[in-house]
Ligand code: DWN
């Protein structure tokens, strides 16, 4: 297929088969969940990863159960960044801060505390309503160039973990260029394709993310719309992400050298297969030794990992989560119910798989009273050691 950013011919580098939509949680275990192909293509020209098949956003983001504020580390990182943007803005005042994909106001609430005017843009009604309750004005819509033309110009625009979701990258970035003041800054955060491949984080491949970014791909996409890279940071979020700062000024402090990036997809392919074999092997051992197993973190990653590995409620009894909108629902394709963290503590399972492995440290620290063994899909317990 042709690259949706630059038009060059792409190649298939990873296929997980037909899987359910990660956040399309079910209200009944018997309900059928639609499955869609999950094939990752790579463009050798602009180094952009992209799904071969794009699912209509309206199918994924209408009844969207993801609330950023539930995850403490995400909020802490966002608030630190907002403070930096306000206090370190040597050459400009921050009068208006905008976030595209503002979710429940997890980031803009800090700007509001600092006396900055804010505007959120998010199509998901649940998170948008939660933001409005915090006094964050939120446009409940998908961001486009057309919408940008109706909105005020901004000193700072944030686009955190949203670029991957948009069907039309070129229209989206043109909208940012339209809305950003001449001396403004756009801060973009995206999971980094380099980390995903090197660490084999295949459960971060899901239909919500149409795109998987190299540094080269993001930098050249924004450059095409008159926004050169000003600063680049590597951050730990979501297993490894890029934080990129773009401006409109081509003269001062512009970063032009992009590292030479290479991605070993063939090594990733074999590790994907072995993860499934090893996970099923552990669960068979646990069942044989009558060890109970739960999950923790009904993340989008959990849906992909569980379905790709063919795991159901006979192997993992339930999965705990602290997102109210998720409690009582079921992970599609598995029959596994999402229950409260108290239900999980009361069940006191021998093992708990942390599917939200990007928050492993925070989750382990949050529950000192849990006496069972935590593990992650990428670090399974040593079979037999505790037999
Ligand atoms: O782009 C996206 C990324 C940023 O977030 C979205 N399209 C989808 C989503 O992916 P995810 O669901 O894999 O993200 P998280 O943030 O890894 O999900 C964490 C899950 O764990 C949430 O359901 C909240 C839950 N959680 C919890 O119950 N207690 C998390 C923490 C830290 C906790 O203490």
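Which members of segment 274-295 meet the condition of being touching a residue at least 24 places away in the same chain (Cβ under 8 Å) and in a helix (DSSP H, G or I)? Matches in segment 274-295: 275, 276, 278, 279, 280, 281, 282, 283, 285, 286, 287. Looking at 103, 93, just one residue is surrounded by fewer than 17 Cβ atoms within 10 Å (Cβ to Cβ) and either more than 15 Å from residue 82 (Cβ to Cβ) or touching a residue at least 12 places away in the same chain (Cβ under 8 Å) (or both), and that residue is 93. For residue 157, the test of being in the same structural domain as residue 212 (by TED's automatic domain parsing), modelled with pLDDT of 95 or more, in a loop (DSSP other than H, G, I, E, B) and touching a strand residue (DSSP E or B) at 6+ places or on another chain (Cβ under 8 Å) is failed. The strands (runs of 3 or more DSSP E) found wholly in segment 185-273 and carrying at least 1 residues that are closer than 19 Å to residue 38 by Cα occupy 211-213. Just to verify a result, which residue in segment 216-236, among those that are in contact (Cβ under 8 Å) with a residue 60 or more places away in the chain and crowded, with 22+ Cβ neighbours inside 10 Å, is nearest to residue 190 (Cα to Cα)? Of everything passing the filter in segment 216-236, 217 is nearest to residue 190 (Cα to Cα). How many residues, within segment 1-46, are surrounded by 14 or more Cβ atoms within 10 Å (Cβ to Cβ), at pLDDT below 95 and within 28 Å of residue 223 (Cα to Cα)? Here the count works out to 7.
Every test in (1) outside any loop (DSSP other than H, G, I, E, B); (2) away from the ligand (no atom under 16 Å from the Cβ) is passed by residue 306 save one, and that test is (2). Of the residues making up segment 328-344, those that are within 13 Å of the ligand (Cβ to nearest atom) and over 20 Å from the mean Cα position of the chain (by Cα) are 329, 339, 340, 341, 342, 343, 344.
Considering segment 115-127, and only residues there that are surrounded by 15 or more Cβ atoms within 10 Å (Cβ to Cβ) and without any contact (Cβ under 8 Å) to a residue 24 or more places away in the chain, the residue that is farthest from residue 83 (Cα to Cα) turns out to be 122. Can we say residue 51 is within 24 Å of residue 359 (Cβ to Cβ), touching a strand residue (DSSP E or B) at 6+ places or on another chain (Cβ under 9 Å), touching a residue at least 40 places away in the same chain (Cβ under 8 Å) and within 16 Å of the ligand (Cβ to nearest atom)? Taking the combined requirement at face value, the residue does not satisfy it.
You will find that of 145, 114, the residue that is under 11 Å from residue 176 (Cα atoms) and in contact with a helix residue (DSSP H, G or I) (Cβ under 7 Å, 6 or more places away or on another chain) is 145 and no other.
The values are calculated or read from the model by the stated rules, or taken from the named source; none is laboratory data. Nothing here was measured: the structure is a model prediction, and the numbers come from that model. Heads up, the Cβs are rebuilt from the backbone with ideal geometry, glycines too, and the neighbour counts pull from every protein chain shown.
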